[in-house]
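Here the structure is laid out as C-alpha cells; the discussion comes afterwards.
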Protein chains: 2
Amino acid sequence: MSATASDIALAVSTVIFALRPDDQGGDESPAPGVWLPLVRRIREPHLGRWALPGGSVVVDESLEAAARRTLAETTQLEPTYLEQLYAFGDVDRSPDRRMVSIVYWALVRPDEAEKVSLGENVRWFAADDLPELAFDHNLIVDYALWRLRTKMEYSRIAHAFLGPMFTLAELRSVHEAVLQRPLDPANFRRQMESSGAIVPTDQVVTGGRHRPPRLYRYNSDIELVDVGPLTLRRSS
Amino acid sequence: MSATASDIALAVSTVIFALRPDDQGGDESPAPGVWLPLVRRIREPHLGRWALPGGSVVVDESLEAAARRTLAETTQLEPTYLEQLYAFGDVDRSPDRRMVSIVYWALVRPDEAEKVSLGENVRWFAADDLPELAFDHNLIVDYALWRLRTKMEYSRIAHAFLGPMFTLAELRSVHEAVLQRPLDPANFRRQMESSGAIVPTDQVVTGGRHRPPRLYRYNSDIELVDVGPLTLRRSS
DNA sequence: CCAAAAGTGTTGCCTCTACACCCATGC
DNA sequence: GCATGGGTGTAGAGGCAACACTTTTGG
C-alpha cells in the first residue's frame with residue numbers, strides 16, 4: 001500500500017498479426033493465413049520458450065508508446081494499427097514475481113512484416129498452430145485472435161493489412177483469411193461500396209490474365225466509430 | 001528499467017452504474033436514469049474534487065479482486081456485474097506522479113445501491129450531469145457509458161440491474177433508461193423471447209390496476225458469448 | 001363499462017444470401 | 001474463341017419497425 005511505488009512489475013506486450021501464405025514453398029498461390037512473430041526468452045522464467053514481444057514501461061512514456069517502442073526494439077516492426085487489448089494481472093501468471101501486463105494488438109502489412117530480422121530468437125508462427133508459450137501468452141493470443149475476428153466483421157480494419165491502394169479481391173482475401181471462410185465476391189463488393197468505407201480510384205491493375213480490376217482507396221473521412229470516446233484522447 | 005519494481009503507481013478504479021429515478025421527490029413514476037456513485041478526494045492532488053472509487057493493487061490479489069475490494073471499502077457495494085474497461089496510462093494524467101489505472105465498470109441493482117453509506121464524501125450523480133472530476137475521470141466515465149450503451153444493444157446485461165425475477169416491462173424500462181429512447185413493447189417482447197435469454201415462470205404480479213404481467217427469469221444456460229475466450233480464465 | 005397495461009397478429013421495408021449472368025482481358 | 005476473374009442483376013428468405021387488435025385486471 002505504499003504511495004510512491006509498488007512491488008508489482010508493469011509491462012507491455014503486443015500481439016502482432018500479419019497475413020502470409022500458409023504454405024511458403026508449396027503451391028503458387030495458397031490461401032493466406034494469420035501469422036504472428038514471437039521472440040524466444042533469453043532469461044528465466046520460461047527460458048527458451050517463445051513469448052510475445054514486450055518489455056517494461058518507462059516512466060515518461062505512455063502505454064501505447066511503450067508498446068510501440070518495445071515492438072520496434074524486438075522486431076523492428078511499426079504497425080499500421082495498434083489498439084489496447086486487455087490488462088492481464090492474475091497473481092500467478094508469472095512464477096517468480098507479480099507482473100501486470102498491458103497487452104496491445106497490432107496489424108502490419110506484409111511488406112512491413114518482411115522487415116522483421118529473423119534469427120534464432122525471432123520467428124513467425126501460424127496463429128492457429130502455436131507451441132506452448134511462456135506465461136499466459138497462449139490465452140492472450142487466443143483472445144487477440146477472437147478480437148481480430150470479431151472486429152473484422154463489424155469494423156473496417158482490414159485495410160491495415162494492405163497498402164494505400166488495393167483491389168476488392170485483395171480486400172476480400174484479407175477478410176477470408178481472418179474469418180477462415182469464403183465470401184461471395186458480389187455481395188462483398190456491395191457491402192463495401194454501400195458502407196462508404198472505400199473510394200474507387202481511376203486506376204486499374206493490368207497484366208493479369210483477365211479483366212483488369214479497379215483499385216480502391218480507403219475513405220479516411222468515414223473513420224471507424226467503434227472505439228468510442230477514446231479517439232478523442234489523441235487530440236488532447 | 002529496474003527489473004524488480006517500477007516507479008509507476010498502479011491503481012484500480014471502478015465506474016459503477018445503477019438505475020434510479022431521475023427526479024427523486026417529484027412525480028410519482030419518473031423515467032429512471034443512469035447514476036453512479038463518486039467519492040470526494042481527501043488528499044492532494046485534486047483535493048475536494050469528486051472521483052471514481054478505487055485504490056492501489058495489493059501484491060497478492062488479482063486486478064478484479066482489487067476492484068471488488070476497493071469498491072467495497074469506499075462504497076460498500078458488491079456489483080452483480082463487473083468487467084474490465086480499459087487501462088489508462090497517459091504520462092500526464094496525474095499531476096504529481098506517474099500513475100497507471102486499470103479501470104473496471106460495474107452494474108448494481110437498485111436495492112444494492114441503497115446500501116451505499118451516503119455522506120459528505122460519497123454521493124450519487126446522474127451520469128449525464130457530472131461536475132468536473134479529478135484526473136481524467138470525466139473521460140473514463142464517458143467511455144464507460146459508451147460501453148454500457150453499446151453492450152446493452154448486442155448483449156444481455158440488463159438483468160444485472162434487476163433481481164432474479166422481473167416483468168418484461170421492468171426489463172424494457174432498463175433498456176429504455178440506458179439507451180435513452182422508448183422501445184416498442186411488442187417488438188421488445190419478441191426479441192427477448194426469441195433470443196432465449198429469458199425463461200417465463202408460472203408466477204404473475206397481481207395488485208396492479210391492469211392485467212397482471214408474467215414474471216421472467218434469466219436463462220443461465222445461454223450465457224453471454226460476448227466476452228470471448230477470457231471467460232475460460234475463471235475456470236483455471 | 002372504462003382505463004390501462006399485457007400480450008398477439010399483420011404488414012411492409014430493408015438487408016443479406018445465393019446464384020445467374022454479362023464484361024474485359026490474356027493467350 | 002476460350003478461360004478467368006471482374007462486375008451487375010435479381011429473386012427469395014429472414015429480421016425488424018410500426019401499429020392495429022385482443023386479453024385481463026382494478027375501479
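The values are calculated or read from the model by the stated rules, or taken from the named source; none is laboratory data. Remember, predicted model here, so these are calculated numbers, not experimental data. Backbone-built Cβ (ideal geometry, glycine too); neighbour counts: all protein chains shown. Heads up: the accessible areas ignore ligands, DNA and RNA and are worked out on the full protein's heavy atoms, side chains in. Shrake-Rupley method; radii C 1.70, N 1.55, O 1.52, S 1.80 Å.
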Estimated translational D of region B:161-218 in µm²/s (Stokes, Kirkwood radius over Cα pairs; 20 °C; 1.002 mPa s): 179 µm²/s
Per-residue SASA entry for B:HIS159, accessible area with 1.4 Å probe, Å² rounded to 10: 60 Å²
Most mobile of A:ASP60, A:ASP22, A:ASP128 in a GNM of chain A (Cα contacts under 10 Å): A:ASP60
Whole-angstrom gap from region B:74-119 to region B:132-147, using each part's C-alpha centre: 11 Å
Dipole of chain A [Lys/Arg +1, Asp/Glu -1 at C-beta], most positive-end residue of A:GLN76, A:GLY54, A:ASN187: A:ASN187
Antiparallel bridge percentage (DSSP; both residues within the protein assembly as shown; nearest 5): 75 percent
Estimated distance in nm for a label pair at A:GLU78 and A:ASP184, the labels positioned 7 Å out from Cα along Cα-to-Cβ: 4.2 nm
Accessible area (Å², 1.4 Å probe, nearest 10) - A:VAL122: 10 Å²
Size of charge dipole - region B:161-218 - debye, nearest 20, with Cβ of Lys, Arg +1 and Asp, Glu -1, no other charges: 120 debye
Residue of chain A nearest the A-to-B rotation axis [by Cβ], rounded angstrom distance: A:ALA87, 2
Reach of B:LYS115 by Cα under 16 Å, taken over aspartates and glutamates that are not fewer than 8 positions away in the same chain: B:GLU73, B:GLU78
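What average number of partner chain Cβ atoms lie no more than 10 Å from the Cβ of the residues making up A:102-111?
Shielding by partners across A:102-111 averages 1.
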Mean shadow area of the protein assembly as shown, taken as a quarter of the surface of its Cα convex hull (nm²): 26.7 nm²
Helix-derived mean residue ellipticity, 222 nm - over the protein assembly as shown, DSSP H n ≥ 4, -39500 (n - 2.57), to 500: -7500 deg cm²/dmol
10 Å Cβ neighbours from other chains, averaged over peptide B:81-90: 5
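By its C-alpha gyration tensor, with a ≥ b ≥ c as the square roots of the eigenvalues, how is region A:31-82 shaped: rounded for a/c under 1.5, else prolate for a/b larger than b/c, else oblate?
Note, shape of region A:31-82 comes out oblate.
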Position A:GLN191, label points 7 Å along Cα→Cβ, spacing to each other copy in nm (shortest first, one decimal): 2.1
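Which order do you get for A:THR14, A:THR74 if you rank them by accessible area with a 1.4 Å probe, largest at the top?
Ranked from most to least accessible, the order is A:THR74, A:THR14.
Over chain A, calculate the relative contact order: mean separation of alpha carbon pairs under 8 Å at least 6 apart, over the residue count, as a percent.
Over chain A, the number comes to 20 percent.
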Inter-copy spacing of A:ARG97 label points, which lie 7 Å from Cα along Cα→Cβ, given in nm from shortest upward: 1.7
Heavy-atom accessible area order for A:SER56, A:SER220, B:SER155, largest first, 1.4 Å probe: A:SER220, A:SER56, B:SER155
Kirkwood Rh in Å, taken over all unlike Cα pairs in region A:99-228: 17.0 Å
Listed residues A:THR70, A:THR80, A:THR201, most fluctuating in chain A (Gaussian network, C-alpha, under 10 Å): A:THR201
Among beta bridges that DSSP assigns inside region A:9-153, antiparallel share in %, nearest 5: 70 percent
Top of B:ALA31, B:ALA66, B:ALA51 by mean-square fluctuation, Gaussian network on chain B, Cα under 10 Å: B:ALA31
Region B:10-154: radius of gyration and largest Cα-Cα distance (Dmax), Å: 14.9, 49
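For the protein assembly as shown, what is the charge dipole size about the Cα centre, in debye to the nearest 20, if Lys and Arg each add +1 at the Cβ and Asp and Glu each add -1 at the Cβ?
Around 500 debye, computed over the protein assembly as shown.
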Spatially proximal lysines relative to B:LYS151 (Cα-Cα < 18 Å; intrachain offsets below 8 disregarded): A:LYS151
Cβ-vector label at 7 Å, A:LEU118, separations to other copies in nm: 6.6
